[in-house]
Amino acid sequence: MPNLSVVQKMNQLASLIKNGRIDPLIRDTALKVIRGLAERNELSEAKALFSFVRDRIRYVRDPYGEDVFEDARFTLSRRSGDCDATTVLLGSLLQSVGFPYRIKVFSKDGRRFTHVAGQVGLPKSAPQKWVTVDASAPRPMGWENPVFKYSKILQVN
């Protein structure tokens, strides 16, 4: 990927999420994951989708020296990807069933942003809180790596 600004990269990820949320395969996958949960239990739905991506998508870095963005369908079919791949897949799954979603990029020094995760808004209709969902790490929903001191957020509309 060419040398893009962090905002340009965030916008590219947002575009991939918007395309993924209307993909029938992505929506069908989300519906299968949440099937059997109590209706309108939004926290359970968000946790189930988060766990699905965290537990079933193997973390694999981009090719050496490259920053590659993959769409949700590609990541789902390969069952692997890096932090931006899991952010796109999870955002697409969550938005396909009505959750608001934001992209959050992280930096240790405030200049170089080297990690990305999502944030899910709860409740769906008018979020009162935004919960970080970093499915690229074997951690619970809400966890953020403490080595990162700076961040930027982009709402995916």
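All of the numbers you see were taken from the coordinates with simple rules; none came from a lab. Since the model is a prediction, treat every value here as computed from it, not as a measurement. In this analysis, Cβ positions are derived from the backbone assuming ideal geometry, glycine residues included, and neighbour counts consider all displayed protein chains.
(1) 121; (2) 107; (3) 165: which one is volume of the Cα convex hull per residue in Å³ as calculated from this entry?
(2)
Helix 24-34 versus the longest principal axis of the chain: what angle, 0 to 90°, nearest 10, using Cα atoms?
On a 0 to 90 degree scale, this one is about 60.
Please figure out what share of the DSSP beta bridges in the chain is antiparallel and state it in percent, rounded to the nearest 5.
On the way: 19 of 21 bridges.
Expressed as a percentage, antiparallel bridges in the chain total about 90.
Could you work out the local net charge near ASP28, counting Lys and Arg as +1, Asp and Glu as -1, over the other residues with Cβ closer than 13 Å to its Cβ? Please report the intermediate quantities before stating the final value.
Details: positive: ARG21, ARG27, LYS32, ARG35, ARG73; negative: ASP23.
In short, +4.
What is the local net charge at ARG111, summed over the other residues whose Cβ is closer than 12 Å to its Cβ (Lys, Arg +1; Asp, Glu -1)?
Numbers: positive: LYS108, ARG112, LYS149, LYS152; negative: ASP109.
Surrounding charge for ARG111 is +3.
Helix 6-21 versus the longest principal axis of the chain: what is the Cα-based angle in degrees, 0 to 90, to the nearest 10?
30 degrees
Taking the chain as the reference, fit the longest principal axis to its C-alpha atoms, fit the long axis of helix 42-56 to the helix C-alpha atoms, and give the angle between the two in degrees, 0 to 90, nearest 10.
Roughly 50 degrees between the two axes.
Can you give me the relative contact order of region 6-156 as a percent, contacts being Cα pairs under 8 Å and 6 or more apart? Can you show the working numbers first?
On the way: 281 pairs, mean separation 38.1, N = 151.
For region 6-156, the relative contact order is 25 percent.
Among GLN12, GLN119, GLN95, whose mean-square fluctuation peaks in a Gaussian network model of the chain (Cα, cutoff 10 Å)?
Top of the fluctuation ranking is GLN12.
Determine the sum of side-chain charges near THR86: Lys and Arg each +1, Asp and Glu each -1, restricted to other residues whose C-beta is under 9 angstrom from that of THR86. The partial results should precede the final answer.
Working: positive: ARG54; negative: ASP82, ASP84, ASP134.
Here the charged neighbours net out to -2.
For the cross-link pairs LYS18/LYS124; LYS104/LYS149; LYS47/LYS104; LYS32/LYS152; LYS18/LYS152, which exceed 23 Å when the distance is taken from alpha carbon to alpha carbon? Could you put the intermediate results ahead of the total?
Details: LYS18/LYS124 17 Å; LYS104/LYS149 12 Å; LYS47/LYS104 18 Å; LYS32/LYS152 32 Å; LYS18/LYS152 19 Å.
Checking Cα-Cα distances, LYS32/LYS152 exceed 23 Å.
Compute the separation of the alpha-carbon centres of region 1-45 and region 66-132 and state it in Å as a whole number.
7 Å
Placing +1 at every Lys and Arg Cβ and -1 at every Asp and Glu Cβ, with all other atoms neutral, what dipole size does the chain have around its Cα centre, in debye to the nearest 20? Walk me through the intermediate numbers first.
Values: 25 positive and 16 negative charges, 53 e Å.
Using only the charged Cβ atoms, the result is roughly 260 debye.
Using a 10 angstrom cutoff on alpha carbons, build the Gaussian network for the chain and name the most mobile of VAL97, VAL88, VAL120.
Per the Cα network of the chain with a 10 Å cutoff, VAL97 tops the list.
Normalising by the residue count of region 31-100, find the relative contact order in percent from Cα pairs under 8 Å and 6+ residues apart.
Relative contact order of region 31-100: 30 percent.
List the trypsin sites (Lys or Arg not before Pro) in region 1-75 that DSSP assigns to loop (not H, G, I, E or B) and whose Cβ has at most 13 other Cβ atoms within 10 Å. Which are they? Write out the running numbers ahead of the final one.
Details: sites: LYS9, LYS18, ARG21, ARG27, LYS32, ARG35, ARG40, LYS47, ARG54, ARG56, ARG58, ARG61, ARG73; in loops: ARG35, ARG40, ARG61.
For trypsin sites (Lys or Arg not before Pro) across region 1-75 that sit outside H, G, I, E and B with at most 13 neighbouring Cβ atoms in 10 Å, the list reads ARG35, ARG40, ARG61.
Calculated from DSSP H runs of 4 or more alone, at -39500 (n - 2.57) each and per residue, what is the 222 nm mean residue ellipticity of the chain, nearest 500? Don't skip to the answer; put the middle values down first.
Working: 5 runs with 63 residues, N = 157.
Result for the chain: -12500 deg cm²/dmol, rounded to the nearest 500.
Could you work out the Rg to Rh ratio of region 1-86, with Rh taken as the Kirkwood radius (inverse of the mean 1/r over all Cα pairs)? Can you show the working numbers first?
Numbers: Rg = 14.4 Å, Rh = 14.2 Å.
When Rh is taken as the Kirkwood radius, the ratio is 1.01.
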